[in-house]
Amino acid sequence: MKDIFVLIEHRRGEMRDVSVEMLCGAAKLGGTVVAVLLGKDVDAFAEKAAGYADKVLYVNDPLFENYNSEAYQKALSALIKEHGPGLVLIGNTAQGVDLAPALAVELGASLLTDITALEMDGDKPKPTRTFYGGKLDAHFTMKDADLYILTVREATFTAEDPSKTGEIVKVDNPVTEDLSYRKFVEYVEPEVGEVDITQSTLLVGVGRGIREDKNMPVVEELAQALGADLAASRAVVDAGWLPSDRQVGISGKTVKPKLYLAVGISGAFQHVTGMKGSEVIVAINKDPDAPIFGIADYGIVDDLFKVVPKLTEKIKELKGA
Amino acid sequence: MNMVVCVKRVPDTAESEVHIDASGKDIDKSRLSFGINECDNYAVEEAIQIKERLGEGTVTVVSLGDKDSDEVIRMALAKGGDEAMRLEDDAFKGGDGLATAKALAAAIKGLEYDIVFTGALADDDGYAVVPAALGELLGVPHATYVKKVEILEPGKRAKVGRELEGGLMEFLEIDLPCVLGIQTGINEPRYASFKGIKQAAKKEIAVKSAADLGLNASEVGEAGSWAVLEKFTPPVVGEMAEILEGEPEETAAKLAAILKEKGLV
Ligand SMILES: Cc1cc2nc3c(=O)[nH]c(=O)nc-3n(C[C@H](O)[C@H](O)[C@H](O)COP(=O)(O)OP(=O)(O)OC[C@H]3O[C@@H](n4cnc5c(N)ncnc54)[C@H](O)[C@@H]3O)c2cc1C
C-alpha cells in the first residue's frame, strides 16, 4: 500500500483536533502514515504529530506563519510529487475547502469532500458522506486513480492516545514563487455582544422554522418563562432576526448548557457541532425526519406555533406553583 | 467590472420528507419544491451590489441544469443581472464537484470577467468544490467562505474576508480576475421588483451544450467524475430522541414535567 499523507491543520498557535483524528483514522487503514506540517516555528506540533504518525514532514518557513491556500497548495503538490502518496487526507474545514479542490485539479487527482466514514479496498477508498443536509448517507466508490484526496469532516475518526514515535524530517520550503496575488492581511475576531451564550445554563435555540421576525416573541416568551437565553441557528442570524453572537455552530459558538431546547432547527451538522455537548437536548420540529431528533434526548414532532405557547404556559404554571 | 455569477437550482429538503427512489442512487423529487441554492442567492446579490456601487459593469448569470433552471436564472436577471447562459447536455448529468467545475470553467473561459462569484457550497450535495476548483481551472486566484468583499481597485485588486471556524474572519488581498465562493449572511438579498421580473422574462438565455463549449462528453458529468455514487441509505443515527406523543396541550405538559423532574425549571 502507498503512503497516506495527513495535512496537519493549525491556526494561531493551536493544532486543530481534526488533525489528530485523521492521523488516528489513517493508522487503521494500513500503510505508512505521514503527517505533513507546514508552519513557522511549530516544533511542538511536529512532536505532537510524531506521536501519531510514522513520519512527519515538517516545513518550517515564514511563508506558512498564517494559512494561505496558494502557499499550501504549492508546497503540498511539490511534496506529493516527490513522495508519491496514494491518499491525502485534509480536514473539511474552512482551510481544507479552500485548498483541496484546487490541489486536486492541479495534480489531476481524484477528490471527494466532506467524508464521514472511510473504508479501503486495497489502495482505493470507499468513502461515505451525507447529502441533503444530513437527511441521507451516500456511499461512494472511486474510479481508479494514482492519487486520492479526501477532505474529512471533524469527528469522523476518533482521537486516541499517542502510540507512535515517528521520525521528524525537516524539509526545505519547496515554494519559490511570488504569491502576492493572494496575500494574508489579518484576522478579525467576531463581535462580542451583551450576552455570552457559552456561559448560559439554559438556552432556547431558534431556527428558520420561526419563519419571520415578527414571530420571535413566541420563543422570547418561552425563554423568559424558563429563565433561558436565546440562541440561534445560522439561518436566523443571516436573516438578521438575532445578532451573530447568538449563533451556535461551527462558524458560531460552542455551547454546553444544562438544557438546549431547539425550536424549528433542522439539526444540520454545522449547527449540531456547536451544541451536541449540551446536557439535555430537546427538539420541537414538525418534520419527523429532521436530523435534530437523532441527537436530541426528547422530541416533539409538531408545529412549533401550537406547542411553544402551550409549553410557555405550562412552565409558567409550574414556576407559579 | 464584469462579473459572472454561478447559480444552481436545488430541491428544498429541509422541510420535506426525502425518499430514496427505485434506483437507490437518487431521490424522488416529484413532491419537492425547488429554488435557488441558498448561498448562490447571496452571490447574486453581492455581484449586483458591486455593479451598483461602481456604477458600471455587467453581471452574467451562468447555471448548469435543465430547462427548469431558467426560473432561478430569470430571478437573478430580474434582480439586476444582464445576461444569462445555461449549460445543458445529457453529458453533464450526474457530475461530481470537479466535473461541474470543468463545465463551468469551459463556459466562463470565453467571457470577459473580473470576478466570478459562486456559492460556497450547494445545499443538496454539499460538495463545496466548485469555487477553488474553478479558480484553478481558470488559472486565477480564488477564495471561498467569503463573507466580505471590498474592491480596492476595480479590475485589479480586492480585499476579501473569509469566515473561519468560530466566526473568526481571515482577511486577504487578492488580484482580479478571481473566483469568490460566497457564504450566506454576506448581505441582504433583495426581492425582485415587478418591473424587473417583467423585463427578465423577455431576456434571452443562451443554452450551451458540451460540444458548444468544446468539451468532450467523457470529461464531464458522470463519465468525467472520480466519485461514483453507489447508493443512498437513511443516516445511521445513535439513539433517537424519546418522542413525546399527543396533542400540543399534552406534549407541552409532558415536556414541562420532564424539565421540572430534571431540575431545569
Ligand atoms: C461553512 C458553513 C458553516 C456553517 N455554520 C453554521 C453554524 O455555525 N450554525 C448553524 O446553525 N448553521 C451553520 N451553517 C448552516 C447549516 O448548514 C444550516 O443551513 C443551518 O443550520 C440551518 O438552519 P435551520 O435549522 O434554522 O434551518 P433549516 O435547515 O431550514 O430548518 C428549519 C427547520 O424548521 C422546521 N420547521 C419549519 N416550520 C416549522 C414549524 N411551524 N414548527 C416546527 N418546526 C418547523 C423544519 O422542519 C426544519 O427542520 C453553516 C453552513 C456552512 C456551509
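Bear in mind these aren't lab numbers, they're just calculated from the coordinates by the rules spelled out. The model shown is predicted, which means the values in this text are computed figures rather than measured ones. Quick reminder, even Gly has a Cβ in these numbers, built from the backbone with ideal geometry, and neighbours come from all protein chains shown.
When you go through A:Leu202, A:Leu147 one by one, which is the residue that is closer than 30 Å to A:Lys276 by Cβ and buried (at least 18 other Cβ atoms within 10 Å of the Cβ)? Working first, answer last.
Numbers: A:Leu147 fails: closer than 30 Å to A:Lys276 by Cβ.
The unique qualifying residue is A:Leu202.
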Scanning the range A:74-91 residue by residue, those surrounded by fewer than 24 Cβ atoms within 10 Å (Cβ to Cβ) and at negative phi turn out to be A:Lys74, A:Ala75, A:Ser77, A:Ala78, A:Leu79, A:Ile80, A:Lys81, A:Glu82, A:His83, A:Pro85, A:Gly86
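Name the strands (runs of 3 or more DSSP E) wholly within the range B:166-247 that hold at least 3 residues that are more than 16 Å from the ligand (Cβ to nearest atom), within 24 Å of the chain's Cα centre (by Cα) and more than 14 Å from every other protein chain (Cβ to nearest Cβ)? Can you show your working first?
Details: elements: B:169-175, B:178-182, B:205-208, B:227-233.
The qualifying strands (runs of 3 or more DSSP E) are B:205-208.
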Among strands (runs of 3 or more DSSP E) entirely inside the range B:1-88, those with 3 or more residues being on the phi < 0 side of the Ramachandran plot and surrounded by 17 or more Cβ atoms within 10 Å (Cβ to Cβ) are B:2-7, B:9-11, B:58-64, B:83-87
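Any chance the range A:180-193 includes a residue that's within 30 Å of A:Ala117 (Cβ to Cβ) and in contact (Cβ under 8 Å) with a residue 12 or more places away in the chain? Show your work before the answer.
As a first pass, look at the range A:180-193 and keep what is within 30 Å of A:Ala117 (Cβ to Cβ): none.
Within the range A:180-193, none of the residues are within 30 Å of A:Ala117 (Cβ to Cβ) and in contact (Cβ under 8 Å) with a residue 12 or more places away in the chain.
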Name the single residue, out of those in the range A:68-94 being within 16 Å of the ligand (Cβ to nearest atom) and over 26 Å from A:Lys143 (Cα atoms), that is farthest from the other protein chains (Cβ to nearest Cβ).
A:Ser69
Could you tell me whether any residue of the range B:47-64 is closer than 26 Å to B:Phe232 by Cα and either in contact with a strand residue (DSSP E or B) (Cβ under 8 Å, 6 or more places away or on another chain) or away from the ligand (no atom under 16 Å from the Cβ) (or both)?
yes
Selection from the range B:119-130 of residues that are more than 7 Å from chain A (Cβ to nearest Cβ) and either within 12 Å of the ligand (Cβ to nearest atom) or of a type in the set (Gly, Ala, Ser) (or both):
B:Gly119, B:Ala120, B:Leu121, B:Ala122
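Can you tell me which residue within the range A:225-261, out of those that are among the charged types (D, E, K, R) and within 10 Å of the ligand (Cβ to nearest atom), is nearest to the chain's Cα centre (by Cα)? Spell out the reasoning first.
Initially, the range A:225-261 is screened for residues among the charged types (D, E, K, R), giving A:229, A:234, A:238, A:245-246, A:253, A:256, A:258.
Filter again for within 10 Å of the ligand (Cβ to nearest atom), leaving A:234, A:238, A:253.
Working: A:Arg234: 15, A:Asp238: 19, A:Lys253: 12 Å.
Restricting to residues being among the charged types (D, E, K, R) and within 10 Å of the ligand (Cβ to nearest atom), the top hit is A:Lys253.
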Which residue, of A:Gly277, A:Gly299, is more than 8 Å from the ligand (Cβ to nearest atom) and either of a type in the set (Asp, Glu) or facing chain B (nearest Cβ under 7 Å) (or both)?
A:Gly299
Going through (1) buried (at least 17 other Cβ atoms within 10 Å of the Cβ); (2) at the interface with chain B (Cβ under 7 Å from one of its Cβ atoms) one by one, A:Lys319 fails only at (1)
Among the numbered criteria (1) surrounded by 24 or more Cβ atoms within 10 Å (Cβ to Cβ); (2) more than 9 Å from chain B (Cβ to nearest Cβ), which one does A:Trp241 miss?
(1)
Assuming A:Leu222 fulfils every condition listed in (1) over 24 Å from the mean Cα position of the chain (by Cα); (2) within 11 Å of chain B (Cβ to nearest Cβ); (3) without any contact (Cβ under 8 Å) to a residue 40 or more places away in the chain; (4) within 16 Å of the ligand (Cβ to nearest atom) apart from one, which condition is it?
(3)
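Based on this model, can you work out whether A:Ser19 counts as more than 9 Å from chain B (Cβ to nearest Cβ), polar (S, T, N, Q) and crowded, with 21+ Cβ neighbours inside 10 Å?
Values: more than 9 Å from chain B (Cβ to nearest Cβ): yes; polar (S, T, N, Q): yes; crowded, with 21+ Cβ neighbours inside 10 Å: yes.
Considered against the rule, which asks whether it is more than 9 Å from chain B (Cβ to nearest Cβ), polar (S, T, N, Q) and crowded, with 21+ Cβ neighbours inside 10 Å, A:Ser19 comes out as yes.
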Regarding B:Ile36, is this residue touching a residue at least 24 places away in the same chain (Cβ under 8 Å) and within 16 Å of the ligand (Cβ to nearest atom)?
yes
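Considering each of A:Glu47, A:Glu9, A:Glu65 in turn, give the residue that is within 14 Å of chain B (Cβ to nearest Cβ), surrounded by fewer than 23 Cβ atoms within 10 Å (Cβ to Cβ) and either touching a helix residue (DSSP H, G or I) at 6+ places or on another chain (Cβ under 9 Å) or more than 19 Å from A:Leu150 (Cβ to Cβ) (or both).
Testing whether each residue is within 14 Å of chain B (Cβ to nearest Cβ), surrounded by fewer than 23 Cβ atoms within 10 Å (Cβ to Cβ) and either touching a helix residue (DSSP H, G or I) at 6+ places or on another chain (Cβ under 9 Å) or more than 19 Å from A:Leu150 (Cβ to Cβ) (or both) leaves just A:Glu65.
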Going through the range B:131-165 in order, the residues found to be at the interface with chain A (Cβ under 9 Å from one of its Cβ atoms) and not in a strand (DSSP E or B) are B:Pro131, B:Ala132, B:Ala133, B:Leu134, B:Gly135, B:Glu136, B:Leu137, B:Val140, B:Pro141, B:Leu164, B:Glu165
Quick one: A:Val59 ticks every box in (1) within 14 Å of another protein chain (Cβ to nearest Cβ); (2) on the phi < 0 side of the Ramachandran plot; (3) touching a residue at least 60 places away in the same chain (Cβ under 8 Å) bar one, so which box is it?
(1)
Report, by residue number, each residue of the range A:210-256 that is in contact with a His (Cβ under 8 Å, 6 or more places away or on another chain) and of a type outside the set (A, V, I, L, M, F, W, C).
A:Ser233, A:Arg234, A:Gly249
